[in-house]
Amino acid sequence: MSEQDGDGAGPADDPGAATVDLEHAAEGVRDVLGYGVVAISRLRDTGEYEYVAVVGPPDAREYLLGTHLAGDQMRRSREAARADGEVDGRVHYVPRGGRGDIGPRWGSDAPPTDDPQVWHPDDELYVLMVDRAGEVCGHVAVDAPPDGRVPTREQRRSLQAYVDRIVPGVLHADAHRRIGDQVRIAAQARSVVRRAIARLDESGLFDACAADLADCLRADQVWFHTAGADGVLRHPAPVDPLDPADAEVPPHLVRLLWRMARDAWRTQGAVVVEHERVLPEGAGSEGWPEVLEVLRERRLESLLMVPVGAGTDCLGMVAAVRDQGADEWTDLEVVTAQDLGRDLGSALQTARFFERERGHAAYKQQLIATIAHELKNPLTAVRGNLELLVDELAGQQAGATMLAHRIERATERLSVLVGNLLTLSEVDDTRRGGRRRPVDLGRLVADAVEVLGDQASARDVEVRTRLAPHARVDGIAGELEHLVVNLVSNAVKYSEAGGCVDVVVEGGAEVVLRVADAGIGIDASEVGRIFGEFFRSASPEARRRPGTGLGLAIAARVVERHAGTIEVDSTLGVGTTFVVRLPAAAPPDPTEHDPTGQGTTDRSFG
């Protein structure tokens, strides 16, 4: 927020003033022009004027330094100067009785007087500072003039001329201070955001970033509340409930702050409650006296509250609180808190989304496991009775025997489906750890290929292997077996009679499993979907081969659980190659021997 003043010329450009700091600038006004009190303010991003340098009696410095003058209060003061006082260029003189309530102002101990030419403790004289663009950027207020009398027009012009000379130095010094603050607060704000977005659970999000948030905003306490929660989370956690400063935040205050947060989210603002300052003025801070009362009861100085939200939704609020005697909130801290409220809102929304997804995944996993278990026992009974029925029908009516065999084949397909569903639910269950140990992938592949020998022979497909010894991965042997069996059996199933399947295991920094066939291949439009659950190709050639659409989904889950990758390269009508890469386990014991005694082994089945 800025104001524009058309009165007078812009400030003189004094290059030598660039090295003058704010205290020296105020001391210059005092020493050169003789005023007993000089206070310099800067216009902040919040629209307030903050006193950043004060020289004069210690009580004046203590009262004014760091305090804020609201933009509306400055506007009323300027109106009072035009209506009841005098405006000369950018110099504003407001005589006693014409001020109204315009915010913090120190008054000298000089005795009041009725002489309009004698300086009165309630008189006010200040010069607006403007930047190169003619925008108001602060003001210099003076008190206790040198001769005890109201400054003449000539003295006021001298005051404006001197202020114009120091403005470049004031702007430079203030910019230097702000840059330092910005560097510090930006680094700490990044740490808050990094910690928040790293958590995908709502309950741990606040704990992860609370300490950094307190450091970033220089807060002694941080309160966090989300919609629907009963109370607030606090950092640091209460230690002594009997200590007023450690007492729980009362429910009525939580409700009040939550209402303020929703209002602030609509305006994208913040709420500041201090003993001498309240933001925003008006409807957005209704109820601030009650907030201030609670702060006083707990020996707290001030509160900065920002809404936490995303999009149009206010999801919660964060309140930073300072102990008695602490500094007031700077405009940079207020603006940073607002940005962090939006960042935390995005992190909170993401965490809630993932928690919902985890809930859905857990429900799906439980549903699949339940259905599979419920189907397993009846199918076992059906298969047992079918075997008895086939034995009874042996040598009798050929038609009945054929029907029994059809039922048997259908039952077998259902059994495979149920088995795959159970396996999928197991590898999808993130709570299921399993015992991990070094697994020799080459040996596991050799065993799996041998088991699949009948399937390969029935389809007249040769399975050739090249297996590096001691290609070990840390994993769950049963799950890795599912991975190998699914990939090799798929390659056999989709190969034509007389075809070959090559299975290769390579060792090194990572263990590589490569399964290649020269079968029917996969259409390019379907490659991206083959690892989805229940996916079956639309190709008539693929549809003629039985399957559940779960084998590759299981393989992908197993690879993911073992921190690996799986890739596919396929050309329709030419063949398909799957490549799995898994982190290698620690090197084997040197005394361990290759069971084949031959190093890399080449074998053929089928």
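The values are calculated or read from the model by the stated rules, or taken from the named source; none is laboratory data. The structure presented is a predicted model; accordingly, all values stated were derived computationally and were not measured. Here the Cβ is made from the backbone with ideal geometry for all residues, glycine too, and neighbour counts use every protein chain on show. Note: areas computed on protein heavy atoms with side chains; ligands, DNA, RNA excluded. Shrake-Rupley method; radii C 1.70, N 1.55, O 1.52, S 1.80 Å.
Figures for the structure shown
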{"read-out": "Surface share of carbon and sulfur [accessible, 1.4 angstrom probe, percent] for segment 451-552", "value": "52 percent"}
{"read-out": "Net charge of neighbours whose Cβ lies under 10 Å from the Cβ of VAL54, counting Lys and Arg as +1 and Asp and Glu as -1", "value": "-1"}
{"read-out": "Rounded accessible area per residue of segment 205-341, 1.4 Å, Å²", "value": "41 Å²"}
{"read-out": "Net charge contributed by nearby residues that have their C-beta within less than 13 Å of ALA189 (K/R +1, D/E -1)", "value": "0"}
{"read-out": "Segment 28-103, accessible surface, carbon-and-sulfur percent (1.4 angstrom probe)", "value": "45 percent"}
{"read-out": "Per residue accessible area of segment 432-487, 1.4 Å probe, in Å²", "value": "46 Å²"}
{"read-out": "Test item: Cα-centred dipole of segment 269-357, Lys/Arg +1 and Asp/Glu -1 on Cβ, debye", "value": "300 debye"}
{"read-out": "Sites matching GluC sites (Glu not before Pro) across segment 254-328 that sit in DSSP coil, with at most 14 neighbouring C-beta atoms within 10 Å", "value": "GLU276, GLU281, GLU286"}
{"read-out": "Residue-normalised accessible area of segment 131-193, expressed per residue, 1.4 Å probe, Å²", "value": "48 Å²"}
{"read-out": "Global form of segment 208-337, assessed from the alpha-carbon gyration tensor, a/c cut-off 1.5", "value": "rounded"}
{"read-out": "In Hz, Karplus ³J(HN,Hα) per residue of segment 75-89 (6.51, -1.76, 1.60; θ = phi - 60°; x = Gly, Pro)", "value": "4, 5, 5, 5, 5, 5, 5, 5, 7, 10, x, 9, 10, 10, x"}
{"read-out": "Qualifying chymotrypsin sites (Phe, Trp or Tyr not before Pro) in segment 518-555, DSSP loop, other Cβ atoms within 10 Å at most 16", "value": "PHE534, PHE535"}
{"read-out": "Coil-residue trypsin sites (Lys or Arg not before Pro) of segment 236-341, DSSP, other Cβ within 10 Å capped at 14", "value": "ARG299"}
